[in-house]
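S.K.: Okay, handing you the structure first.
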Amino acid sequence: MAIIITDECINCGACEPECPNNAIYEGGAEWTWSDGTSLKGMITTLNGEETDAEEEKEPVDMDIYYIVTDKCTECEGFHDEPQCAAVCPVDCCVDDPDFRETEEELLKKKDFMHL
């Protein structure tokens with residue numbers, strides 16, 4: 001599964017620097033695959049999408065910090081627990097009930113982003 005940030009977010013930004021995949025962005029900020037990863041140039045994502053790793057993507061949320069689900073590994077392979085949830089002062093970094101992944105899938109995603 002991935003982590004999501006709920007609308008209880010107070011925009012403190014504590015979570016953003018803790019993410020080893022740079023999957024967390026401020027509301028309204030565009031994101032790229034290359035941010036915080038070793039991905040460069042044209043890539044084929046694990047979903048089979050071909051894209052430029054440096055191409056800016058639309059923000060997931062305009063008002064609060066958000067997590068790019070495709071980049072979130074729940075810190076598998078880096079830490080024992082999701083660091084965003086560990087530092088969030090209002091406990092708004094929670095499991096996404098609509099997006100479930102196994103530990104194996106999360107580690108595969110980590111390996112894809114960090115060659």
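S.K.: When the residues of region 73-108 are narrowed to those that are touching a Lys or Arg at 6+ places or on another chain (Cβ under 8 Å) and within 20 Å of Ile43 (Cβ to Cβ), which ends up surrounded by the most Cβ atoms within 10 Å (Cβ to Cβ)?
M.R.: First, the residues of region 73-108 that are touching a Lys or Arg at 6+ places or on another chain (Cβ under 8 Å): 73, 76-78, 101.
If we keep only those that are within 20 Å of Ile43 (Cβ to Cβ) too, we end up with 73, 77, 101.
Values: Thr73: 27, Gly77: 16, Glu101: 18.
If we take residues in region 73-108 being touching a Lys or Arg at 6+ places or on another chain (Cβ under 8 Å) and within 20 Å of Ile43 (Cβ to Cβ), then Thr73 is surrounded by the most Cβ atoms within 10 Å (Cβ to Cβ).
S.K.: Among residues belonging to region 49-70 that are out of contact with any Phe, Trp or Tyr (no Cβ under 6 Å at 6 or more places or on another chain) and among the aliphatic types (A, V, I, L, M), point out the one that is surrounded by the fewest Cβ atoms within 10 Å (Cβ to Cβ).
M.R.: By that ranking, first place goes to Met62.
S.K.: Identify, from the list Asp98, Asp91, the residue that is assigned to a loop (DSSP other than H, G, I, E, B), under 19 Å from Asp7 (Cα atoms), of a type in the set (Asp, Glu) and touching a helix residue (DSSP H, G or I) at 6+ places or on another chain (Cβ under 8 Å). Don't jump to the end; show me each part of the working.
M.R.: Values: Asp98 fails: touching a helix residue (DSSP H, G or I) at 6+ places or on another chain (Cβ under 8 Å).
Going through Asp98, Asp91 in turn, just one is assigned to a loop (DSSP other than H, G, I, E, B), under 19 Å from Asp7 (Cα atoms), of a type in the set (Asp, Glu) and touching a helix residue (DSSP H, G or I) at 6+ places or on another chain (Cβ under 8 Å): Asp91.
S.K.: Taking the criterion of being outside any loop (DSSP other than H, G, I, E, B) and not charged (D, E, K, R), would at least one residue in region 28-35 satisfy it?
M.R.: Our first condition is that a residue be outside any loop (DSSP other than H, G, I, E, B); within region 28-35, this holds for 31.
Add one more test, that the residue is not charged (D, E, K, R), and what stays is 31.
Yes, region 28-35 contains at least one residue that is outside any loop (DSSP other than H, G, I, E, B) and not charged (D, E, K, R).
S.K.: Just to be sure I understand, how many residues within region 14-40 are at positive phi and within 14 Å of the chain's Cα centre (by Cα)?
M.R.: Initially, region 14-40 is screened for residues at positive phi, giving 22, 28, 36.
Then keep just the ones that are within 14 Å of the chain's Cα centre (by Cα); that gives 22, 36.
Of the residues in that region, 2 qualify.
We did not get these values from a lab; they are worked out from the coordinates using the rules stated. Values in this document were obtained by computation on a predicted structure and should not be read as measured data. Methodologically, a virtual Cβ is constructed for each residue, glycine included, from the backbone with ideal geometry; neighbour enumeration extends over all protein chains shown.
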